[in-house]
1. Which one of these is among the charged types (D, E, K, R), farther than 30 Å from Met107 by Cα and in a helix (DSSP H, G or I): Arg55, Arg31?
2. Given the structure, is Thr42 loosely packed, with under 14 Cβ neighbours inside 10 Å, without any contact (Cβ under 8 Å) to a residue 24 or more places away in the chain, touching a strand residue (DSSP E or B) at 6+ places or on another chain (Cβ under 9 Å) and over 19 Å from Trp133 (Cα atoms)?
3. Quick check on this structure: which one of Gly3, Gly7 is over 25 Å from Leu199 (Cα atoms) and out of contact with any strand residue (DSSP E or B) (no Cβ under 8 Å at 6 or more places or on another chain)?
4. On the given criteria, is Ala37 at pLDDT below 90 and on the phi < 0 side of the Ramachandran plot?
5. Kindly list the number of the only condition in (1) modelled with pLDDT of 90 or more; (2) surrounded by 14 or more Cβ atoms within 10 Å (Cβ to Cβ) that fails for Thr27.
6. Given the condition crowded, with 18+ Cβ neighbours inside 10 Å, assigned to a helix (DSSP H, G or I) and within 17 Å of the chain's Cα centre (by Cα), answer yes or no: does some residue in the range 58-69 qualify?
7. Pick from the range 166-187 the residues that are modelled with pLDDT of 65 or more and touching a helix residue (DSSP H, G or I) at 6+ places or on another chain (Cβ under 6 Å): which of them is surrounded by the fewest Cβ atoms within 10 Å (Cβ to Cβ)?
8. I want to confirm something. Restricting to the range 70-81 and keeping residues that are open to solvent by less than 60 Å² (accessible area, probe 1.4 Å) and touching a residue at least 60 places away in the same chain (Cβ under 8 Å), which single residue is farthest from Gln228 (Cα to Cα)?
Amino acid sequence: FPGDYSGIAAPLRIGEQVLGALVLTHTDPGRYGKEAAHMSATFSSYAAVAIENARLYESAHDQAWVSTVLLQVAEATQTLTTLNELAATVARITPMLVGVNVCAIYMLEEGNIFMPAAVTGLSPEGQEEFERWHFSEGNVPAFDSLLADRRPSVIRMADDDSLLGEIFSLVPQAEAAPEAHAESAGWIIVTPLQGRESLLGAFIVIYTLEPTSPKLEASFNEMLSIVQGVVQQTAMAIENIRLM
């Protein structure tokens, strides 16, 4: 534009919260006066209300989806009577409900040993590796963190050189994303299966990300919140079965 172009701006505001700005420009000088300023301010007010309504709708939709997922998990597990059935069912339905590539469950046994319970989404070789290995303290840093502070760990697949990373990299070729070996393509999320008073095991999902996605962070955070809800439901079901 030339140096004497016309411009006008109005805030997109809801109360004291500024959502953005409406900006109009024109190459000709002197295009905008008081009437244009008034119209821009009026339109920006309507636009701000529409944007906020859309955000509230998306938030309500997300909450409804989380509730639906947790309800389906509860319905799928409420009639199960053995830990093997429970682990297999949760590992099977979680990828479908949450949108992850792999789901695995380890149960914590005496001596702080993590024993494989169930997994979905691995290749036959990966399934064999999963079933073959159990982990004691000092074998897997993420499991040691669960024992120490009961906090979840998020591990970048490309950076993890442990046996855990090797096992969960064995996904079927058809399901692996083209970016499967890219630096930010996949994550191992290790979450504690926490009972009322003790650690019950580890709940693991593998999330394959699209590095170029503009909603990458929001999508990841939404997935993580749903996984944590599924983990809580699973831990309650485990304790109920053990009380039978």
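1. Residue meeting the stated conditions: Arg55.
2. Working: loosely packed, with under 14 Cβ neighbours inside 10 Å: yes; without any contact (Cβ under 8 Å) to a residue 24 or more places away in the chain: yes; touching a strand residue (DSSP E or B) at 6+ places or on another chain (Cβ under 9 Å): yes; over 19 Å from Trp133 (Cα atoms): yes.
Yes; evaluated as a whole, the condition is true for this residue.
3. Gly3
4. Values: at pLDDT below 90: no; on the phi < 0 side of the Ramachandran plot: yes.
Spelling it out, it is not the case that Ala37 is at pLDDT below 90 and on the phi < 0 side of the Ramachandran plot.
5. Unmet for Thr27, out of (1) modelled with pLDDT of 90 or more; (2) surrounded by 14 or more Cβ atoms within 10 Å (Cβ to Cβ): (2).
6. yes
7. As a first pass, look at the range 166-187 and keep what is modelled with pLDDT of 65 or more: 166-172, 186-187.
Next, only the ones that are touching a helix residue (DSSP H, G or I) at 6+ places or on another chain (Cβ under 6 Å) stay: 167, 170, 186.
Values: Ile167: 24, Leu170: 18, Gly186: 26.
Once the filter is applied, the top-ranked residue is Leu170.
8. Checked the range 70-81; the qualifying residue farthest from Gln228 (Cα to Cα) is Leu80.
The values are calculated or read from the model by the stated rules, or taken from the named source; none is laboratory data. For clarity, every value in this text was computed on a predicted model and none was experimentally measured. Here Cβ is always computed from backbone atoms with ideal geometry, including for glycine, and neighbour counts include all displayed protein chains. These accessible areas exclude ligands, DNA and RNA; they are computed on the full protein's heavy atoms, side chains included. Shrake-Rupley method; radii C 1.70, N 1.55, O 1.52, S 1.80 Å.
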